[in-house]
Amino acid sequence: MSLGNFLRIEREQGGGSRHYVVHLQDPKFSVELTPDPAAPDRVGRGVIKRVCVPNSWAGDYGQYAKLIGAAQEFFGQSGGEPLPKTVVRRLGL
């Protein structure tokens, strides 16, 4: 499983941030995660809040569990909390 098939999206809302991991290849799906406060780095692999999948996912749940596990692994490797928008804009990132 290539972690290059995933994209992390972070959105600021209501004084906090929401974290999404999207699988870009078939089957396309998204997972909303929150950083794990119990992890040593305060992020860990994330805690799953929501999974959005197409209706055609009824079937081999073991395979889909592997994909969601890979999404959590990608979340953990892609970094922790996002940089504040003022810093991102100032650095031109």
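Restricting segment 3-54 to residues that are assigned to a strand (DSSP E or B) and free of Cβ contacts under 8 Å to residues at least 12 places away in the same chain, which is farthest from Gly76 (Cα to Cα)?
Step one: list which residues in segment 3-54 are assigned to a strand (DSSP E or B), which gives 6-13, 16-23, 29-34, 47-52.
Applying the additional criterion that residues be free of Cβ contacts under 8 Å to residues at least 12 places away in the same chain yields 11, 13, 16.
Values: Arg11: 17, Gln13: 21, Gly16: 19 Å.
My answer is Gln13.
Looking only at residues that are surrounded by fewer than 14 Cβ atoms within 10 Å (Cβ to Cβ) and of a type in the set (Lys, Arg) in segment 19-75, which one is modelled with the lowest pLDDT? Give the derivation first.
Our first condition is that a residue be surrounded by fewer than 14 Cβ atoms within 10 Å (Cβ to Cβ); within segment 19-75, this holds for 24-28, 37-38, 40-42, 49-50, 52, 54-56, 58-63, 65-66, 69.
Now narrow it down to the ones that are of a type in the set (Lys, Arg): 28, 42, 49-50, 66.
Working: Lys28: 87, Arg42: 78, Lys49: 94, Arg50: 94, Lys66: 91.
That would be Arg42.
Just one of (1) charged (D, E, K, R); (2) within 12 Å of the chain's Cα centre (by Cα); (3) in a strand (DSSP E or B) trips up Glu73, so point out which.
It is condition (3) that Glu73 fails.
The values are calculated or read from the model by the stated rules, or taken from the named source; none is laboratory data. None of the values given here were measured: they were computed from a predicted structure. In this analysis, Cβ positions are derived from the backbone assuming ideal geometry, glycine residues included, and neighbour counts consider all displayed protein chains.
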